[in-house]
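Below is one structure; the comments refer to it alone.
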Amino acid sequence: MVQKRSSKQHIELTETFGAHNYAPLEVVLSRGEGAWVWDVEGKRYLDMLSAYSALNFGHCHPRIQKTAHAQLDLLTLTSRAFYNDTLGVMCEKLATLCGMEQVLLMNSGAEAVETAIKMARRWGYREKGIPRDKAEIICFSNNFHGRTTTIVGMSTSESSRADFGPFTPGFVVVPFNDKAALDAAITRNTCAVLIEPIQGEAGIIIPDSGFLSHVRAVCTGHNALMIADEIQTGLCRTGKIFACNHEAVIPDAYLLGKSLGGGITPISAVVSSRSVMQVFTPGSHGSTFGGNPLACAVAETVLDLIIEERPHERAAKLGAWFVEELRGLNSPYISAVRGRGLLIGVDILPEYGKAKDFCHALLDVGLLCKDTREQTIRFAPPLIISEEDLRWALERIALVFARKDKVSRAGQPCNI
Ligand SMILES: Cc1ncc(COP(=O)(O)O)c(C=O)c1O
């Protein structure tokens with residue numbers, strides 16, 4: 001018999017037996033449907049984070065669930081020692097959606113980034129003629145590309161890096177959104193520029209118009225690959241299928257993850273041209289679970305939903321309206337609101353506390369949100385969220401942001 005435990009007991013168990021590599025808000029979820037989730041005591045919350053965009057289609061989407069259930073009864077794992085009847089079909093659909101030619105499947109976003117680093121280096125040596133072990137990859141300040149030792153080595157966040165060195169060499173960090181710095185950093189040994197077209201974890205930082213086009217032009221001019229990390233921004237979140245589409249920029253490779261797995265299975269992908277992808281030969285890269293039938297079947301349904309329902313158009317419309325409404329609150333706590341589609345950042349003035357304090361207050365009124373960096377709240381609800389539910393969210397947000405006296409500076413939950 002399954003023992004029923006309270007939220008408090010679950011938190012105690014998690015903190016006692018789980019490593020403390022996260023600091024979750026104190027809510028214990030046990031059920032989800034669409035944009036809504038319920039805690040173990042049955043209280044309902046609106047999910048305004050959607051697992052950092054992994055739940056673009058919400059919780060337990062009926063069509064994605066149906067595919068997963070059916071595939072669970074057929075075949076779930078083959079390894080890549082054999083072919084399976086889901087991988088090729090999914091890769092064709094994904095390559096077509098991206099306007100690219102070939103796909104390499106992994107599991108987590110970080111693995112897609114690692115794959116792209118290997119791809120770019122090998123391409124640099126074999127195709128561009130960079131001298132052995134001299135390849136450089138340019139990345140940007142405040143980047144977030146994942147948590148492996150190589151990836152945190154290119155991070156500029158001290159909490160991500162501290163005491164995890166020594167780090168992998170071969171990365172050059174330049175300020176984000178700085179054309180001149182990029183121009184100065186690129187050399188004949190540059191094999192790639194790795195960029196988030198909108199920096200998510202950094203606080204929804206949108207580059208100036210023209211920056212992505214400049215990156216594209218510089219890469220083309222110096223025969224370097226432009227690699228767009230769209231793990232968070234891709235697949236409709238920002239109001240276009242890819243955030244690069246906002247400047248009509250076509251990178252040499254897209255990195256995708258998160259929502260490709262429909263909120264069910266981890267799956268990530270590098271999508272590029274045949275001429276670049278051919279640097280991978282049997283034995284040079286792989287993953288036991290990469291391209292497994294369950295993940296591929298789920299991802300194929302996700303791609304069908306994108307093609308049929310065009311969720312980026314909803315994201316663009318709802319996001320523009322939501323940003324205007326947030327600005328219209330004229331809250332004394334807020335210094336800036338910015339967003340593209342349904343990826344929205346709200347900056348909190350430091351004198352009123354940290355973004356996390358406000359996330360506690362929002363939790364109290366039924367909204368699940370998360371701070372990113374100290375002063376920014378990220379709103380990234382599922383793209384299937386209804387206008388009515390967003391209005392409900394706005395009412396709650398207005399309550400929290402209008403009542404100066406109620407938010408605790410010590411980060412304690414308040415009761416509005
Ligand atoms: C832009 C970007 N790249 C890579 C990653 C890493 O993905 P994962 O956590 O699946 O390894 C993330 C995760 O937040 C991300 O936002």
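Read the figures in this text as sums done on the coordinates, not as results from a lab. As the structure is a prediction and not an experimental result, all values here were calculated from the model. Methodologically, a virtual Cβ is constructed for each residue, glycine included, from the backbone with ideal geometry; neighbour enumeration extends over all protein chains shown.
Just want the answer: with Cβ charges of +1 for Lys and Arg and -1 for Asp and Glu, which residue in 54, 257, 281 is farthest toward the dipole's positive end in the chain?
The residue sitting farthest along the positive end of the dipole is 281.
Per DSSP helix of 4 or more residues, -39500 (n - 2.57); summed, then divided by the residues of the chain. What does that give at 222 nm, rounded to the nearest 500?
Numbers: 14 runs with 145 residues, N = 416.
Roughly -10500 deg cm²/dmol at 222 nm, from the helical runs in the chain.
Quick one: which of 4/354; 317/370; 258/370; 43/66; 43/370; 118/258 span more than 25 angstrom between C-alpha atoms? Write down the numbers at each step before the final one.
Numbers: 4/354 34 Å; 317/370 23 Å; 258/370 17 Å; 43/66 27 Å; 43/370 19 Å; 118/258 21 Å.
Beyond 25 Å: 4/354; 43/66.
Are there any trypsin sites (Lys or Arg not before Pro) in segment 160-258 that are in a DSSP loop and have at most 15 other Cβ atoms within 10 Å? List them by number. Before the final figure, lay out each step's value.
Values: sites: 161, 179, 188, 216, 237, 240, 258; in loops: 188, 237, 240.
Taking segment 160-258 and a limit of 15 other Cβ atoms within 10 Å, the loop trypsin sites (Lys or Arg not before Pro) found are 188.
How high is the relative contact order of the chain? Use alpha-carbon pairs under 8 Å, at least six apart in sequence, and give a whole percent. Walk me through the numbers on the way to the answer.
Working: 825 pairs, mean separation 86.4, N = 416.
Relative contact order, the chain: 21 percent.
Where a ≥ b ≥ c are the square roots of the eigenvalues of the C-alpha gyration tensor, would you call segment 243-301 rounded, which needs a/c under 1.5, or, failing that, prolate if a/b is larger than b/c, or oblate?
Details: a/c = 2.78, a/b = 1.10, b/c = 2.53.
Here segment 243-301 falls in the oblate category.
Would you be so kind as to identify all helices of the chain, as entire DSSP H runs, whose Cα atoms reach 20 Å or more along the helix's own axis and whose mean Kyte-Doolittle hydropathy is at least 1.0?
293-309
Of the residues 289, 17, 171, which exhibits the maximal mean-square fluctuation in a Gaussian network model of the chain defined by a 10 Å Cα contact cut-off?
Evaluated over the chain, the most mobile residue of the options is 17.
Can you give the percent of C-alpha pairs in segment 254-339 whose distance is more than 15 Å? Walk me through the intermediate numbers first.
Numbers: 2654 of 3655 pairs.
Here the long-distance tail beyond 15 Å is 73 percent of all Cα pairs in segment 254-339.
Over segment 103-233, what portion of Cα pair distances is larger than 18 Å, expressed as a whole percent? Please list the in-between numbers first.
On the way: 4387 of 8515 pairs.
That fraction is 52 percent.
If you place +1 on the Cβ of every Lys and Arg, -1 on the Cβ of every Asp and Glu, and leave all else neutral, what size is the dipole of segment 308-383 about its Cα centre, to the nearest 20 Debye?
200 debye
At 0.890 mPa s and 25 °C, plugging the Kirkwood radius over alpha-carbon pairs of the chain into Stokes-Einstein gives what diffusion coefficient in µm²/s?
Details: Rh = 22.3 Å.
Estimated diffusion coefficient is 110 µm²/s.
Give, rounded to the nearest 20 debye, the magnitude of the charge dipole that segment 1-86 has about its Cα centre when Lys and Arg contribute +1 at Cβ and Asp and Glu contribute -1 at Cβ. Could you put the intermediate results ahead of the total?
Numbers: 9 positive and 9 negative charges, 33 e Å.
For segment 1-86, the charge dipole is close to 160 debye.
Charges on Cβ only, +1 for Lys and Arg, -1 for Asp and Glu, centred on the Cα centroid of the chain; of 3, 297, 341, which one is farthest towards the dipole's positive end?
297
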